[in-house]
Amino acid sequence: MAEHLLEYFRDENPGVFRSHPLQVIRATTLAHAGNPFTDSNDRPGAERVVYYNDPRGGADQNETRLVLRMVQHSGGAWDRGAAMSDDSGDTEGRLLGANGRMNTTHGAPTSTLKGVLFSDYYDLLQNRIQDARKVGNQQDGDRYWVIVEGAVQLLAGTDTLDVNEVVIAANDAEGGMAEAPVAYNGNAATDQQHTMVSVIGICLEDAAHDAFAYCLVDLRTKGFKFVL
């Protein structure tokens with residue numbers, strides 16, 4: 001399912017990270033004298049393996065393994081309650097670009113993609129469940145987790161997502177969508193070299209434009225490179 005809920009995550013290595021996978025660590029918190037994340041492993045570029053097991057799936061549910069990477073927001077203020085655009089609207093199943101925005105281009109190289117965004121992020125005040133509030137905006141300097149490997153639903157672009165096809169970034173006005181390869185940048189969809197630098201995963205089901213399809217995403221091995 002595209003939506004992930006707070007209570008159904010578990011860490012492969014519990015106790016390593018102080019944040020919840022859906023938590024936004026605010027820039028204001030990081031700047032505060034009492035910052036609880038001082039000397040923690042919750043830093044940009046950190047990778048984290050989690051498992052998600054939602055009992056709402058019934059008898060056919062499967063536990064899903066996800067590899068996450070922490071990013072630091074740099075795309076300007078986002079308004080999640082506004083209409084979908086490069087820096088607003090629902091983040092469900094959308095791709096985050098290297099510039100901190102959801103403005104992927106058609107067949108964008110994987111080196112320009114940070115990961116897949118969760119549908120909801122939270123401010124957590126007391127613990128991982130109590131007083132959780134959905135984040136309505138993200139600001140520069142905020143830190144949060146994106147998905148770089150695993151089964152997750154992606155939002156289909158104009159050229160759709162097709163089962164058993166490889167997946168690339170789409171070029172839609174809303175931004176951050178994905179689709180099966182078509183001819184782009186003067187290259188045929190079967191152009192092996194060009195496709196390989198743009199493939200972000202494999203699609204497991206069909207999806208029409210603006211719909212969601214489960215895909216096996218792998219941006220961990222050939223995705224965005226953090227500058228050290």
ask   = If only one of GLY175, GLY141, GLY150, GLY223 is surrounded by 15 or more Cβ atoms within 10 Å (Cβ to Cβ), of a type in the set (Gly, Ala, Ser) and outside any loop (DSSP other than H, G, I, E, B), which one is it?
value = GLY150
task = Run PRO36 past the list (1) modelled with pLDDT under 90; (2) not in a loop (DSSP other than H, G, I, E, B) and report the number of the one that doesn't hold.
result = (2)
task = Read through the list (1) more than 15 Å from ARG94 (Cβ to Cβ); (2) modelled with pLDDT under 90, then give the number of the only condition that GLY150 fails.
result = (2)
Condition broken by TYR184, with the remaining ones in (1) in contact with a helix residue (DSSP H, G or I) (Cβ under 9 Å, 6 or more places away or on another chain); (2) within 27 Å of HIS73 (Cβ to Cβ) satisfied = (2)
note = From the option list ALA77, ALA83, single residue qualifying as free of Cβ contacts under 8 Å to residues at least 24 places away in the same chain, of a type in the set (A, V, I, L, M, F, W, C) and more than 26 Å from ALA151 (Cα to Cα) is ALA83
request  = Just one of (1) under 24 Å from VAL49 (Cβ atoms); (2) touching a helix residue (DSSP H, G or I) at 6+ places or on another chain (Cβ under 6 Å); (3) not small (Gly, Ala, Ser) trips up ARG220, so point out which.
outcome  = (2)
query = Name the residues in region 104-128 that are of a type in the set (Ser, Thr, Tyr) and either modelled with pLDDT of 90 or more or crowded, with 22+ Cβ neighbours inside 10 Å (or both), would you?
reply = THR104, THR110, SER111, THR112, SER119, TYR121, TYR122
task = Considering (1) within 19 Å of ASN99 (Cβ to Cβ); (2) surrounded by fewer than 17 Cβ atoms within 10 Å (Cβ to Cβ); (3) modelled with pLDDT of 95 or more, say which one LEU216 fails and leave the rest.
result = (1)
ask   = Looking at ASP54, is it charged (D, E, K, R), closer than 13 Å to GLY175 by Cβ, surrounded by 14 or more Cβ atoms within 10 Å (Cβ to Cβ) and modelled with pLDDT under 90?
value = no
note = In region 167-176, residues that are farther than 20 Å from LEU66 by Cβ and out of contact with any His (no Cβ under 6 Å at 6 or more places or on another chain) total 6
request  = Name, by its number, the condition in (1) within 24 Å of LEU68 (Cβ to Cβ); (2) in contact with a strand residue (DSSP E or B) (Cβ under 9 Å, 6 or more places away or on another chain); (3) in contact (Cβ under 8 Å) with a residue 40 or more places away in the chain; (4) surrounded by fewer than 19 Cβ atoms within 10 Å (Cβ to Cβ) that does not hold for ILE202.
outcome  = (3)
remark   = Within region 181-204, the residues that are more than 13 Å from VAL217 (Cα to Cα) and in a loop (DSSP other than H, G, I, E, B) are PRO181, VAL182, ALA183, ASN185, GLY186, ALA188, ALA189, THR190, ASP191, VAL197
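The values are calculated or read from the model by the stated rules, or taken from the named source; none is laboratory data. Since the model is a prediction, treat every value here as computed from it, not as a measurement. Every residue, glycine as well, gets a Cβ built from its backbone with ideal geometry; the counts of neighbours run over all protein chains shown.
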